[in-house]
Structure formats: C-alpha cells, structure tokens
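Below you'll find the structure, written out as structure tokens, and then a few comments.
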Amino acid sequence: PGPLRAASQALSAALVRRGGLVGGRWVETAAAFPVQDPASGEELGRVSDCGAAEARAAVRAAHEAGAAWGRLPAKERSARLRRWYELMMENKEELARIITAENGKPLKEAQGEIVYSASFLEWFAEEARRIYGDIIPSAKDRRVLVLKQPVGVAAIITPWNFPSAMITRKVGAALAAGCTVVVKPAEDTPLSALALGELANQAGIPAGVYNVVPCSRQQTAAVGEVLCTDPLVSKISFTGSTATGKILLKHAAGTVKRVSMELGGHAPFIVFDSANVDRAVAGALASKYRNSGQTCVCTNRFLVQKGIHDEFVEKFAKAIKKELHVGNGFDAKTTQGPLINEKAVEKVEKHIKDAVSQGASVVTGGKRHSLGKNFFEPTLLSNVTTKMLCTQEETFGPLAPVIRFETEAEAVAIANAANVGLAGYFYSQDPAQIWRVAEQLEVGMVGVNEGIISSAECPFGGVKESGLGREGSKYGIDEYLEIKYVCFGGL
C-alpha cells in the first residue's frame, strides 16, 4: 500500500546513514539493530549497534576537536551553524519523511518539527556572537575580568518523540558556546540524528565536533555509562524520563559533571468559568493530541470549573470527533499517527481501565484503533478523580481525563500536587486571576489562553523533578559555559 511505500522511499534518500559518526567518519559495527516503522511494524533498515568502545572513541574525538573549535572566532562558529540551518531548511521534506517513517507522527507535524528543529541552529548561530563577559569595578591597582569559556565535551542523550528538535536544541547551544558533542539518540529513532550528522558534515562542521553513537536498547546502559562517567566529558544534557534522569545524575556525580535535564511532565490544563470555552477547546485539542499525546509538555490532566464543565466536555468531544483523524503518518488526512510501540498503547489501556473501574465515563474513544496494534483512538474521560492513575502518572498517549472543580484554590492545589512541574496551562479572562494563577503554578512554563508554547526564543525547562537548567532562549547557551574570573594586579 501507498503509505508503506512512502515509508520505504524515505529511507532510500541521500540523507539516510546507517553507521555511527565518530571523528567525522561513518563507523560500521559488526552488530546492527533494526529500526521499525511504528505504523506498520515494517523494518526500515538496520543501524550500527555502537557499544562502549565506540562511545569512548567518540568522546576522544570530541575532546581532540574541542580546542580548535573553542578557539575558532565566534563569527566563524556562527557561520557554520547558519549553514547547517540552511541545509536543514533546504532538505526539510526529506528530513520530515525520515521522522514520519521512524517515529510515526503525521508528515505535516514532522515538517513542523524540522522547521522548529532548524530554528534552534539559527537562533544559536546568532547567540554565538553574543557571549559577553564583564569588567567589574575593584581596587584602584587591579582590574577584575569575567570571561565565559566552553565547558568542553558535552554528552547529549535524546528521546524518540522529537528525534530532530531535541538534538538541535541542545547541540545548537553547545556548538555556539564552543563545545563539542557526542549524541546518543533514542534506539527507536536514530536515523534523524544520523541525517543531521550528514548535513553537519556538508555544512563544514569540523570532524569530531558533532559525533553520533546509535545503539540498541541492550547497549544503551553501557553507552550511557561511558558518556556519564568518562572524565573527558564535562557536561551531560538529557531529555527523557525522570527515572532515567535520576540514574544519570548518580553516574554524573562521580566526576562532578555539569548536568542539565528535561524530565517528565504532568501538565495541568485549567479552564475557569470566565474562560472563552471555544478557545479553550481549541487549545486543549492542540496541547493534548499533538504527536498523539507523546510530548513532555502535553496536557495530562484537565481541570474544568463546574460552571462551564458540561459545555467544555461536550464541545471538546465534538472537536475530537470532527478534527482528529487516526491513520498512517504519510496519509495527508492523518492528524493522529501511531504510538511509538505496543508498550505505549498498553499504558494508555491501563490508565483507561483503572479510571473506568473507579467510576470514570468514556465520552469518546477508549480502545485500540482498527488500523493496527500501535494505533489508539483519541479518548476523552469525564467524572475523573485525583485518585485515578491517569491523574497521578504521565500517560504519554491520546488520553484526556477531565476533573471537575469548584474553586480557584482547589484547582491550583490539584495542579501543584504533583512531584514534577514542567508545563501548565490555564484559560481565564479575569486579569487578576491570570496573574495569581500564573505565579502560583509550580511549573517552569505557563501557557495562558494558549496551548502551544514552545519556540527557540523561549526558555524551556521545569521545576521539582521535571529537571535542571533551561534550553533555548538567551539562557540556553549558559548551560555550556564556565565563568572564569581573572584578576589583573599591579596596575
């Protein structure tokens, strides 16, 4: 069928690479692991299964390339990053097809991800020339200078849900700062990281500055341990689950590495009585069902005030039925692709079963889709309580549970009860309430009357167990810089 041919065609393109990238060379290993199309289960190809040896070689290559790259004038680093951005935009369609083939998201979403992904290279190409130090007033015979210098080799560990953007958001900042990187992409989606490597080579990024070590799930622990313990690595940047983040933090402690982490979320989406319900429904649809609910900032809990609760649920259900179309990502009508694997589907099923057993009602959806084992119907639940699993854990799937609340204080308390705090959203037309709630929500990012909040200009990151540090924005480059104080005496 057409969509399957489209998936295969994506992998016959010039940007597909199947080996690791170490020191500017493509490295083939004796063992390889399969990459599968989650929509069909079709094997798209096999990629080199790098292990601890390849990871160590990549770290050494990055370390050896670091001195020259760090000394390169900022204008030259900026020009290389800018060229990399331009090549991404020139190859947008091809890169998007690779994402849809290995990740499953609709092609239109994949195209959007490539534009978003490239925007970080563009942004940090510009920020590379704005790494300013300071001169601090001191005693009359001294001059106090503050310099900012690259931290060194950065290990970049990324997830499958945004296989391109999660790389460039980190790597753009690192390279702009003068660091070199070793990227360990998710085992489900290595092809996007390798395609970026091909374009990096074409853009004139020097050998060893951008390295990629793809590996299977079986090799992940060994590769991750090397990247987190090798003394030549100065910095770790990780996006993924909170549980994995805690393991990496323990590894990093041994050599006291700089760490930034974007971990799990449990985003609340509060709709107050004063809200414009139609706008809230549109924002809910965008926030919840983008990438089939497989985003770290997507809404996980809907809290709707009693005065507009029934109207919101009714309109939300109608919008889901009218606007969402489940299908293969290469089908132009598709808005909801497959989940990444059957384990993800099973978690959605588990959360629905638990909620229904405790009195929740399925308004729409609620079961696997007839298209195949990794497809699931967009689901809306009402009569949900805070005792149900779906309001205590991150679902990471197309499930929208709605909790009815009475007062603002009650909603804020429910929203803040989680041990994580990445993103939060709320809809209100009361200016005083907007200020109060925006300041009280214990999250790193707040969307007010807005369901999509990510952009290169904005600081991305969370509080509590959602992570450390910020990515994107003018703050993102600070994660890859050390501050050095220099005192000139005898003047």
Discussion item. Just checking, does the stretch 401-411 include any residue being in contact with a Cys (Cβ under 8 Å, 6 or more places away or on another chain) and in the same structural domain as Gly133 (by the TED database)?
Written reply: no
Worksheet item: Which ones in the stretch 336-388 are part of a loop (DSSP other than H, G, I, E, B), in contact (Cβ under 8 Å) with a residue 60 or more places away in the chain, small (Gly, Ala, Ser) and open to solvent by less than 20 Å² (accessible area, probe 1.4 Å)?
Response: Gly337
Worksheet entry | Boolean, Val35 is under 25 Å from Val326 (Cα atoms), among the β-branched types (Val, Ile, Thr) and surrounded by fewer than 17 Cβ atoms within 10 Å (Cβ to Cβ) | no
Worksheet entry | Residues located in the stretch 277-296, provided they are in contact with an Asp or Glu (Cβ under 7 Å, 6 or more places away or on another chain), farther than 26 Å from Ala39 by Cβ and buried (at least 21 other Cβ atoms within 10 Å of the Cβ) | Gly283
Practice prompt. Out of Ala222, Ala193, report the one residue that is part of a helix (DSSP H, G or I), touching a helix residue (DSSP H, G or I) at 6+ places or on another chain (Cβ under 8 Å), touching a residue at least 60 places away in the same chain (Cβ under 8 Å) and hydrophobic (A, V, I, L, M, F, W, C).
Written response: Ala222
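Matching residues to (1) under 17 Å from Thr168 (Cβ atoms); (2) in contact with a Cys (Cβ under 7 Å, 6 or more places away or on another chain); (3) among the aliphatic types (A, V, I, L, M):
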{"site": "Val183", "(1), (2), (3)": "yes, no, yes"}
{"site": "Glu198", "(1), (2), (3)": "yes, no, no"}
{"site": "Ile205", "(1), (2), (3)": "yes, no, yes"}
{"site": "Asn211", "(1), (2), (3)": "yes, no, no"}
{"site": "Val223", "(1), (2), (3)": "no, yes, yes"}
{"site": "Thr229", "(1), (2), (3)": "no, no, no"}
{"site": "Val233", "(1), (2), (3)": "no, no, yes"}
{"site": "Lys246", "(1), (2), (3)": "no, no, no"}
{"site": "Val259", "(1), (2), (3)": "no, no, yes"}
Worksheet, complete the sentence: Scanning the stretch 439-450 residue by residue, those closer than 28 Å to Phe238 by Cβ and out of contact with any Cys (no Cβ under 9 Å at 6 or more places or on another chain) turn out to be Leu441, Glu442, Val443, Gly444, Val446, Gly447, Glu450
Worksheet item: Can you tell which of Val233, Val226, Val259 is under 30 Å from Leu481 (Cβ atoms), out of contact with any Gly (no Cβ under 8 Å at 6 or more places or on another chain) and assigned by the TED database to the domain that holds Arg60?
Response: Val226
Response to the item:
Inside the stretch 297-325, the number of residues satisfying the requirement of being in contact with a strand residue (DSSP E or B) (Cβ under 9 Å, 6 or more places away or on another chain) and open to solvent by less than 30 Å² (accessible area, probe 1.4 Å) is 17
Fill in: Whichever residue in the stretch 225-245 is without any contact (Cβ under 8 Å) to a residue 24 or more places away in the chain and part of a helix (DSSP H, G or I) and, among such residues, is nearest to Glu479 (Cα to Cα)
Thr244
Worksheet item: Yes or no: Asp273 assigned to a loop (DSSP other than H, G, I, E, B) and of a type in the set (Asp, Glu)?
Response: yes
Fill in: One residue from Ala118, Ala101 being surrounded by 24 or more Cβ atoms within 10 Å (Cβ to Cβ) and more than 17 Å from the chain's Cα centre (by Cα)
Ala101
Worksheet item: Would you say Phe426 is touching a Ser or Thr at 6+ places or on another chain (Cβ under 8 Å), aromatic (Phe, Trp, Tyr) and crowded, with 21+ Cβ neighbours inside 10 Å?
Response: no
Worksheet item: Can you tell me which residue in the stretch 185-208 is surrounded by the most Cβ atoms within 10 Å (Cβ to Cβ), limited to those that are more than 22 Å from the chain's Cα centre (by Cα) and aliphatic (A, V, I, L, M)?
Response: Ile205
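The values are calculated or read from the model by the stated rules, or taken from the named source; none is laboratory data. Quick caveat: nothing in here was measured; it's all calculated off a predicted structure. Here the Cβ is made from the backbone with ideal geometry for all residues, glycine too, and neighbour counts use every protein chain on show. Note: areas computed on protein heavy atoms with side chains; ligands, DNA, RNA excluded. Shrake-Rupley method; radii C 1.70, N 1.55, O 1.52, S 1.80 Å.
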